[in-house]
Amino acid sequence: MADDVVTMDKIVSLSKRRGFVLPSSEIYGGLGSSYDYGHYGVLLKNNVRAQWWRAMLQERDDVVALDSAIIQHPRTWEASGHLAGFTDPLVDCRTCKLRFRADKLEEAQCGRKPSVHPGETPECDLTEARDFNLMFETTVGPVKDEGSTVYLRPETAQGIFLNFRSYLQFSRKKPPFGIAQIGKSFRNEITTGNFIFRTREFEQMEMEYFVPPDQAERWFEHWLEQRINWYTMLGIRPDHLRLRAHDPEELSHYSRATSDVEYLFPMGWSELEGIANRGDFDLTQHAEFSGQKLEYVDTVTGERYVPHVIEPAAGADRAFLAFIVDAYDEDEIEGERRTVLRLHPLLAPVKVAVLPLVRKDGQPELAREIYRDLRERVQAEYDEGGAIGRRYRRQDEIGTPWAVTIDHQSLEDRTVTLRDRDSLGQERIAIGELGEELEQRLRQPWHSPKLGE
Ligand code: ATP
């Protein structure tokens, strides 16, 4: 199977080589699992976000957008239960002095013998587990006193609940309707790892969907289906995606039902997104702590209720990782090994590369003219440096679905070749038709060529 070739090491090295994702603060030796997104990483992540917004806003009329503050009133986290309960069980090893997450020892390495897990050598001396709060604490204002403690949000969801009342007033929506937001969240994770899968600073794409209480189950099912479809429409192979329902003892304090969307990463099945039926927990809590009424009142019937909430909560970084992992492939062209990202064209950082065959005879001038035209429509890249085969390989590695090559014939009849990343097919096409052709191809449904026909 093609996916056998992918490993996390290959993804990390491709990401660094081509500037998708770089270790942060590298000149100072790096900082734990902090990462920076480089040029192609920014373009790809922007496309992931754009597709999420598209699915939430453009393709529906019952979801509206929000971008709330990262630092919110500290009472928020009392009401939400995070201050008291957003903890992971922590153990210390008295021998190697390292700290581990007690429920994830099988993912950690012993401090002295990395080939085994903590607790597996006779010298390992683990303490009892104790609760460790994952919220990052800081202070606001110039004086550090008791009232100045605030927290970096550990999820974007609470900003949505705090705005619920205002949205009822200005958005002209009534349940069922949703508020969606993308933004950074922060968790002081005890154990990070697997590249950008688990970091302390990450980005979430969350939507809170407010429904009449008796419709909660139906909408929960609706969002399970919608969210699975989103990943498969964007090219994730269905046999690498599954829904896993939480056992009752696994459920968060607020949740009535949760299912995770999981992807088969190189390290095994892992969570991409959690879809939860949060009941009326959040609005009720914030109503109690703020003293405000957080309910919906129907102006016609007079009916009033606290809506229940269905929440699809996805990670932008994890989705990014899944898309790259799923796209990663290696094959051979004319005896030469090639690395190729078979990304959905909508996600590909660059849609088209414009390449003059040689750097003379008027080809670069014509190529630049074509490039200037195409970049008005799609993200395009011009490259004239090096042998044409090497330039194709560079584009394949970043997942560019199409390449336009300008040759001597182009100057005679104003046609170029259009190369396809996956089929390697080359078609001759009139320069004047290129833009239309690319836009039309971008609109086509797409599935991974790894699935076969
Ligand atoms: P996990 O069990 O992996 O710690 P979680 O169940 O705590 O995740 P949620 O609180 O449901 O995660 O957050 C929703 C989504 O946010 C997750 O599905 C994931 O995609 C993303 N996410 C959560 N924590 C992290 C993290 N430390 N790094 C990157 N993404 C994260």
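The values are calculated or read from the model by the stated rules, or taken from the named source; none is laboratory data. Just so we're clear, the structure is a prediction, and the values are computed from it rather than from any experiment. Heads up, the Cβs are rebuilt from the backbone with ideal geometry, glycines too, and the neighbour counts pull from every protein chain shown. Accessible surface areas use protein heavy atoms only, side chains included; no ligands, DNA or RNA. Shrake-Rupley method; radii C 1.70, N 1.55, O 1.52, S 1.80 Å.
Taking Cα centroids, how far is region 244-313 from region 373-416 in Å? After rounding, the separation between the Cα centres reads 48 Å. With a sphere of radius 12 Å drawn around the Cβ of residue 128, what net charge do the other residues whose Cβ falls strictly inside it have (Lys, Arg +1; Asp, Glu -1)? After counting each charged neighbour, the total is -1. Projecting the Cα atoms of 240, 197, 226 onto the charge dipole of the chain, computed from C-beta unit charges around the Cα centre, puts 197 farthest toward the positive end.
Given a 1.4 Å probe and the protein chains as shown, residue 293 ends up with an accessible area of around 140 Å². Computed with a 1.4 Å probe on the full set of protein chains, the accessible area for residue 414 sits at about 110 Å². Sorting 269, 223 by accessible area puts them as 269, 223; the probe is 1.4 Å, largest comes first, and only protein heavy atoms count.
Think of it as helices only: each DSSP H run of n ≥ 4 in the chain is worth -39500 (n - 2.57), and spread over all residues that comes to -8500 deg cm²/dmol at 222 nm.
Rounded to the nearest 10 Å², what accessible area does residue 54 have for a 1.4 Å probe in the complete protein model? Rounded to the nearest 10, the figure is 90 Å². Normalising the average separation of contacting C-alpha pairs (under 8 angstrom, six or more residues apart) by the number of residues puts the relative contact order of region 247-370 at 16 percent. When Lys and Arg each count +1 and Asp and Glu each count -1, what net charge do the other residues less than 11 Å away from residue 47, Cβ to Cβ, add up to? Around residue 47, the surrounding residues sum to +4. Per atom type, region 334-439 shows carbon and sulfur on 43% of its accessible surface, probed at 1.4 Å.
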